[in-house]
Amino acid sequence: MKINFETTPEFARQIDKNDVLAKFRNQFYIDDDKTIYLDGNSLGRLPLKTKDLIARAVQKQWGTDLIESWNKNWYTKPEVLGNKIAQIIGASDGEVIVSDSTSVNLYKLAKAAINFQKGKTRIVSDVFNFPTDLYILQGIIRELGNNYELVLANSKDEISIDLDDLKSKINENTALVVLSMVAFKSAFLYDANEITVWAHQKGALVLWDLSHAAGAVPVELNKTNADLAVGCTYKYLNGGPGSPAFLYVRKDLQDQLSSPIQGWFGEENPFEFGLNYRSASGIRKFLTGTPPVLNLLAIEPGLDLLIEPGIDNLYEKSKGLSEYFIFLTSEFLFEFGFEIGSPLDPAQRGSHISIKHPEAYRICQSLIHLGNAELKIIPDFREPDNIRFGFTPLYTTFTEIWKTVERLGIIMKTHEYELFGSERNAVT
Ligand SMILES: *Cc1c(COP(=O)(O)O)cnc(C)c1O
C-alpha cells in the first residue's frame, strides 16, 4: 500500500471505506465501540465462529458424544490444524502439528536438535529474544552438565540486531541458532533466508520462534529451507487464551530427530498400551500427551479467517496501518518527546510498532484506564519505556489509529498521565 497520508480524520475514514479487508472485522466479537484494541499481538480477538463452535462443542461433543468424540473429531485435530497453520507459514502438509505451549515445544525441538548435532557445543540467540526462549535454552544447558555455551547477538540501537555480530557468533561449533523471527519489543524482522543460508554454511540448524510472525508477516518456511519452528496460536492466529502452540519440523529432518519428551501421544500406537516406547513416524512423534481439547478446537475458525484473505493481502494492510501510525506519530507526537522504537523500513518489521517515552508506563495506564476520556485504548507496555501497538489487519481500522494518536496528544498536552502511578501490574 503506497499512500500519501494526510492528517485529517476524514482521510482515515476514506481509506477504511476502500479497505478490501474491512468486512473481516464483522467476523469478530466486538461488543463495544468505545474500546480500541491494539493488543492482538498478545491476545487476538474472539472470532464469532469460535464463540458458537465452543458453545456447540461443549454441548454436543463433550456433553452428548463424550468419549466417542475422540474418534469422531479430536484425535486427528492436532494434525488437521497443523496443516492449516502450514498454509499460513509457508510449510507443507505433515510438517506442522499443534501441541503443548510454545515454551515446551521450544524445549522439545531445541533439545532434539542439540542431541542430533553431537559434538557441537555452542547455541546462538540474540538479546531481543523472548525471555522464555532464553530460559529454556539455559535449562537445557544445565541439564547437559554445563558443557554448552549460550551466546547472544547484540543490538547497537535497541531496534535492530547487529547482523554482523550475529553472523560472527555462528561458527563451526554451533549446534543451533534460536531466534524470534519478529522481536517482541521492537518488531525487528529477520531475513530468514539470509540467516538460514549463513547458519547452514557453518553446519548449524536454525529454530525460529514465530510467535509474533505467524499471521502477521509472510513466513516462507519451505522457500527458505527452514529447519525448525515453533509459535503461539493465541496472538495473530486468534486461537484464544492459552490455546496450544504449534511446531514445525522440515520433512527430511523428522526421521533424524527424536523427541526428548517421550509421551504416549508421540508413540507409534498409543492405544496398544505397550510397555516400551516406539516413536511414531512423521510429525506426530513430537506430540506429548492429551491436548486441552476445548482450547484446541477454538483455534480452527481463526485460522480459516487468515487463510481466506491470504497472508499477502493481510501483510499489505499491516504495512499500511504501521506506516500511517508512524506518519501520524511524527506529525503529532514527536513534539512531546516520543520516539519510534521499531525499524522504519517496513521490510524489517513485523505488525506492531513500539513508541518510546520516559513516561511510557503512565501514558499507557492513561490510555487503558480512561483518565478523562470516554475512549478506552488498549496497547501494552514493555519495559523499560515502550508502548507497543499491535496492528491486526483483520480488525484494526485506520480510524482507530487516528483516534489513538489524537488521544495520545491530549494525554500529553493535559499531562493527564500524571493521574496514574508507576507501580507495575502483574501483567503489563
Ligand atoms: C508470546 C511468546 C511466547 C510465549 O510462550 P508460551 O509458552 O505460550 O507462554 C514465546 N515466545 C515468543 C517469541 C513469544 O512472543
Requested in this report: Run through the DSSP bridge list for the chain and note the antiparallel percent, rounded to the nearest 5.
Outcome: 55
Query raised in the report: So what's the gap between the Cα centers of region 347-413 and region 153-210, to the nearest angstrom?
Result: 29
Query - Eligible lysines near K223 by straight Cα distance, threshold 19 Å, same-chain separation 8 or greater - result: K84, K251
Query raised in the report: What is the Cα centroid distance between region 114-143 and region 282-324, reported in whole angstrom?
Result: 26
Requested in this report: Starting with the fewest neighbours, write out W62, W74 ranked by other beta-carbon atoms found within 10 Å of each beta-carbon.
Outcome: W62, W74
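Under the classification rounded if a/c is under 1.5, otherwise prolate if a/b is larger than b/c and oblate if not, where does region 207-297 fall, given a ≥ b ≥ c as square roots of the Cα gyration tensor eigenvalues?
Details: a/c = 3.19, a/b = 1.37, b/c = 2.32.
Judged from the Cα gyration tensor, region 207-297 comes out oblate (a/c at least 1.5, b/c at or above a/b).
Please work out the Cα convex hull volume for the chain and give it in Å³ per residue.
Convex hull volume per residue, Cα atoms: 148 Å³.
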Report summary line: Non-local residues with an amide H under 5 Å from the amide H of D227, with H modelled 1.01 Å from N and Pro and chain starts lacking one, are V206
Report summary line: For the chain, averaging the sequence separation of alpha carbon pairs under 8 Å that lie six or more residues apart and dividing by its residue count, the contact order in percent is 22
Query raised in the report: Going through the DSSP H helices of the chain, which span 20 Å or more along their own axis at the Cα atoms while scoring at least 0.0 as a mean Kyte-Doolittle hydropathy?
Result: 102-116, 398-414
Report summary line: Counting only residues 5 or more apart in sequence or on a different chain, those whose built amide H sits under 5 Å from that of V151 are I123, V124, S125
Report task. Check cross-link reach from K403 to the aspartates and glutamates: straight Cα distance under 15 Å, and skip same-chain residues fewer than eight apart. Result -> E6, E10, D16, D33, E331, E374
Requested in this report: Find the Rg to Rh ratio for region 331-428, where Rh is the Kirkwood radius over alpha-carbon pairs and Rg uses the same atoms.
Outcome: 0.94
Query raised in the report: In region 268-374, what trypsin sites (Lys or Arg not before Pro) fall in a loop by DSSP, with at most 13 other Cβ atoms inside 10 Å?
Result: R278
**Report entry** Likely footprinting exposure, C232, C364, fewest C-beta neighbours within 10 Å first
**Finding:** C364, C232
Query raised in the report: Non-local amide H neighbours of I377 (under 5 Å, H modeled in plane, Pro and chain starts lacking H): which ones?
Result: I36, I368, L370
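Where does the chain land at 222 nm, in deg cm²/dmol rounded to the nearest 500, when only DSSP H runs of n ≥ 4 count, each adding -39500 (n - 2.57), divided by all residues?
-10000 deg cm²/dmol
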Report task. Using the number of other C-beta atoms within 10 angstrom as an exposure proxy, rank S155, S259, S243 with the fewest first. Result -> S155, S259, S243
Query raised in the report: What lysines sit close enough to K156 to cross-link, taking a C-alpha to C-alpha distance under 25 Å and skipping anything fewer than 8 places away on the same chain?
Result: K167, K169, K185, K202, K319, K356
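Computed from the coordinates by the stated procedures, all read-outs in this text should not be read as laboratory data. Note that the structure is predicted; figures quoted are calculated from it, not measured. Using ideal geometry, Cβ is built from the backbone for each residue, glycine included, and neighbour counts are taken over all protein chains shown.
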